[in-house]
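No value in this document is a laboratory result; all are computed from the given coordinates. On a predicted model such as this, the values are computed, not experimentally measured, just so you know. Because the Cβ atoms are built from the backbone with ideal geometry, glycine has one as well, and the counts that use them run over all protein chains shown.
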Amino acid sequence: MPKVQPIPEASKATRGRRTASTLAEINVVPLVDVMLVLLIIFMVTAPMIQRGIDVNLPVARRAPQISGERIEITVPASYRTDHIVYLGTEPIRREILQERVRQKMQTATQKDVFLRGDAGVNLGEVTEVFDALTAAGVDHVGFVTKRPGER
């Protein structure tokens, strides 16, 4: 409730009663509104940001499902021009692929490497990468394909 302060006798004729109120509260409702709007915006846009490498995998009818942590090498359609493959999501030139795979094999629990090649890449280019993997000491190289109807 506002406090009423007495006014001196001389100024009673000119002024009415004076009220003094203190506002010591911060209004957090606008802050909460803005934060909720930002949260909704980030929740909607976060799934759109996550993208992988575009590779058109060949289709195989009898491909077993693979699970667990694995070393993946991806040969994109642009390999023909720039000789860059992907170790997971990291772009690597073919010349240093052998050493990088050897380093990964030291820390990996499974010593298998899975090779994903774009359907537009010819067999000779995939064989170049396969040779680099065998030179790195990989015993088992699996080819990753997709099942019919799978994206």
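For the pair Thr145 and Leu123, the difference between a 0.36 nm per residue extended length and the Cα-Cα distance amounts to 6.5 nm.
Taking the number of Cβ atoms within 10 Å of each Cβ as an exposure proxy, the fewest-first ranking of Val113, Val28, Val121 is Val28, Val121, Val113. Close amide-amide hydrogen proximity is noted between Arg116 and Ile73, Thr74, Val75, Val144, each under 5 Å apart and 5 or more residues distant or on a separate chain (H modeled in the peptide plane; Pro and chain starts excluded). The label-point distance for Asp131 and Glu25, in a model that sets each label 7 Å from Cα toward Cβ, rounds to 7.9 nm.
Backbone geometry of region 74-85 corresponds, through the Karplus equation with coefficients 6.51, -1.76 and 1.60 at θ = phi - 60°, to 3J(HN,Hα) couplings of 10, 9, x, 5, 7, 4, 4, 9, 10, 6, 10, 10 Hz, x marking Gly and Pro.
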